[in-house]
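Enquirer: Quick one: this structure, given as structure tokens, is what I'll be asking you about.
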Amino acid sequence: MDAGRTLNIPLTSNSFTLAATPGRLGWLAPSDPGEPVKRLWEQFNEQGYLWLKGILDRSEVLDFRERYFKAFAGTGLLAPGSDPREAAYSGGEVDFQAVRQLMVEAVRWAAYESFCLMKPIYHFYEQALGGPVYLHKRKIIRYTRPGDPNCTGAHYDLTYLRAGTSRVYTSWIPIGDILVEMGGLVYLEGSDAWGRKMEAEFSALNAHLPSEERISAYNRNMSDTGWITKDLPSLAERLDSRWLCADYEAGDMVIHSAFMIHAATENRDPQHRLRLSTDIRYQLVSDEIDARWLNHWAPDDEKRYS
Ligand SMILES: O=C(O)CCC(=O)C(=O)O
């Protein structure tokens, strides 16, 4: 590890342990949203990501966390008596059918729409991209339970968005503080270039497939999840790179390119809090829009929309 702090526990993802050596694990570089946008965008293009510290109003983000988890009262998800702003996991019996139904509703809330359209977000994109921007309708809110070994595997987003422009940008927003131990997003350093190379190779392989299959993340040339791998340590070895982690705080937003390889680690919060985040996509409205993302997110919709 470099400039960051010492980790108290090993980072794991899908039961693989990330080597905590300086050559394989490091820290994300924070950026000050007060810097000129031109400079920030140059940094984005160099790094493939931009971690904009405190660009959002922290209390607005925490209010949304509270509202979200309040809606799940009665499902058994939260520990009895837990403050929904804290959102400690019950570890007990959960009505997952009710949870899924509420998740489907939450992505349709006007309050969520307005959260995703907070002025600092679209204002940043408009300045960076130089024109009116579009927010994709398919927007995802994810919670992760402490102790669940299943995590997002290594992938780059264009795999799922091939029918539109590659100038599509993901905003990953922690809804609450997400310390490294709570399993936030990790980025493979320098991987924007590898993502571009991999996509060019897939594109050549896919060239002769029927058009619907060609844009699919699950076609015969891809894995059945669209992920590159679940084995994050081996990928870092293979590409001789390191995974970059961060202590995210409510109010932060990370932007990543459609080619930047990222994944998540397990939530091992000693206080058993649920990790909550949203990932949403912006692009110039004048660029081609992937029509498969014109519907609200629903559980398991990847197969239909990707
Ligand atoms: O939050 C996660 O676990 C995954 C998010 C993600 O893959 C993304 O933001 O593109």
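Enquirer: Probe of 1.4 angstrom, ligands and nucleic acids ignored: what's the accessible area per residue over segment 77-170, in square angstrom?
Expert: On the way: 4120 Å² over 94 residues.
On a per-residue basis, segment 77-170 sits at 44 Å².
Enquirer: Taking the DSSP beta bridges in the chain as the whole, what percent of them are antiparallel, to the nearest 5? It would help to have the intermediate numbers written out before the result.
Expert: On the way: 34 of 39 bridges.
The antiparallel proportion sits near 85 percent.
Enquirer: How big is the equivalent ellipsoid of segment 72-160 along its three axes, where each semi-axis is √(5λ) from the Cα gyration tensor, reported in whole Å from largest to smallest? Working shown, then result.
Expert: Numbers: eigenvalues 192, 58, 32 Å².
They are 31, 17, 13 Å, listed from largest to smallest.
Enquirer: Could you check the simple spin-label distance between Glu35 and Leu205, using points 7 Å along Cα→Cβ, in nm with one decimal?
Expert: 3.6 nm
Enquirer: In nm, what is the difference between 0.36 nm times the number of residues separating Ile9 and Ser286 and their Cα-Cα distance?
Expert: On the way: separation 277, 0.36 × 277 = 99.72 nm, distance 4.59 nm.
Difference between extended and current length: 95.1 nm.
Enquirer: Does segment 1-109 classify as rounded, prolate or oblate by the C-alpha gyration tensor (a ≥ b ≥ c root eigenvalues; a/c under 1.5 gives rounded; else a/b over b/c gives prolate, otherwise oblate)? Intermediate results must be reported in sequence, preceding the final value.
Expert: Working: a/c = 2.47, a/b = 1.48, b/c = 1.66.
Since a/c reaches 1.5 but b/c is at least a/b, the shape of segment 1-109 is classed as oblate.
Enquirer: Which residue, Leu25, Leu235, Leu50, has the most motion in a Gaussian network model of the chain that connects Cα atoms within less than 10 Å?
Expert: Its mean-square fluctuation being the largest, the pick is Leu235.
Enquirer: Could you give each residue of segment 253-262 its phi-based ³J(HN,Hα) in whole Hz, using Karplus coefficients 6.51, -1.76, 1.60 with θ = phi - 60°, and x for Gly or Pro?
Expert: Each residue of segment 253-262 in turn: 9, 10, 10, 10, 6, 6, 10, 6, 7, 9 Hz.
Enquirer: Another question, if that's okay. Starting from the eigenvalues of the Cα gyration tensor, five times each then square-rooted, give me the equivalent ellipsoid semi-axes of segment 186-285, largest first, whole Å.
Expert: Values: eigenvalues 160, 59, 42 Å².
The three semi-axes for segment 186-285 are 28, 17, 14 Å.
Enquirer: With every protein chain left in place, what is the accessible area of Ser211 in Å² (1.4 Å probe, nearest 10)?
Expert: 80 Å²
Enquirer: Fully extended, how many nm does the chain gain between Asp240 and Leu102 (0.36 nm per residue separation, minus their Cα-Cα distance)?
Expert: Values: separation 138, 0.36 × 138 = 49.68 nm, distance 4.19 nm.
Length gained between Asp240 and Leu102: 45.5 nm.
Enquirer: With the full set of protein chains in place, find how many percent of the accessible area of segment 29-133 is carbon and sulfur; take the probe as 1.4 Å. Let's see the in-between values first.
Expert: Values: 2690 of 5400 Å².
Of all accessible area on segment 29-133, carbon and sulfur atoms account for 50 percent.
Enquirer: Between rounded, prolate and oblate, where does the chain land on the alpha carbon gyration tensor, with a ≥ b ≥ c its root eigenvalues, rounded for a/c under 1.5, else prolate if a/b exceeds b/c?
Expert: Details: a/c = 1.27, a/b = 1.19, b/c = 1.07.
Rounded shape, in that the Cα axes give a/c under 1.5.
Enquirer: Let me ask something else about it. Can you list the residues, at least 5 places off or on another chain, whose amide H is less than 5 Å from the amide H of Val133, using H built in the peptide plane?
Expert: Val285
Enquirer: Where does the longest stretch of the chain lie that holds no GluC sites (Glu not before Pro) found in a DSSP loop with 13 or fewer other Cβ atoms within 10 Å?
Expert: Details: sites that count: Glu93, Glu288.
With GluC sites (Glu not before Pro) excluded where exposed in loops, the chain gives 94-287 as its longest stretch.
Enquirer: Also, I was wondering about something else. Can you list which of the trypsin sites (Lys or Arg not before Pro) found in segment 149-233 are DSSP loop residues with at most 11 other C-beta atoms within 10 Å? Write out the running numbers ahead of the final one.
Expert: Values: sites: Arg162, Arg167, Arg196, Lys197, Arg214, Arg220, Lys230; in loops: Arg162, Arg167, Arg220, Lys230.
Within segment 149-233, the qualifying trypsin sites (Lys or Arg not before Pro) (loop, at most 11 other Cβ atoms within 10 Å) are Arg220.
Enquirer: For the chain, calculate the relative contact order in percent as a whole number, restricting contacts to Cα pairs under 8 Å that are 6 or more residues apart. Let's see the in-between values first.
Expert: On the way: 611 pairs, mean separation 102.0, N = 306.
It comes to 33 percent, rounded to a whole number.
Enquirer: Using a 1.4 angstrom probe on heavy atoms only, work out the carbon and sulfur share of the accessible area of segment 189-306 in %. Can you show the working numbers first?
Expert: Working: 2550 of 5140 Å².
C and S fraction of accessible area: 50 percent.
Enquirer: Run the numbers on segment 193-304 and let me know its relative contact order in percent, using alpha-carbon pairs under 8 Å that are six or more apart. Don't skip to the end; give the middle numbers.
Expert: Numbers: 28 pairs, mean separation 25.7, N = 112.
Here the relative contact order equals 23 percent.
Enquirer: Another question, then. GNM on the chain, C-alpha springs below 10 Å: top fluctuator among Ala246, Ala73, Ala110?
Expert: Evaluated over the chain, the most mobile residue of the options is Ala110.
The values are calculated or read from the model by the stated rules, or taken from the named source; none is laboratory data. Just so you know, these numbers come straight off a predicted model, no measurement behind them. Note: ideal-geometry Cβ built from the backbone for every residue, glycine included; neighbour counts use all protein chains shown. The accessibility values were calculated without ligands, DNA or RNA, using every heavy atom of the protein model including side chains. Shrake-Rupley method; radii C 1.70, N 1.55, O 1.52, S 1.80 Å.
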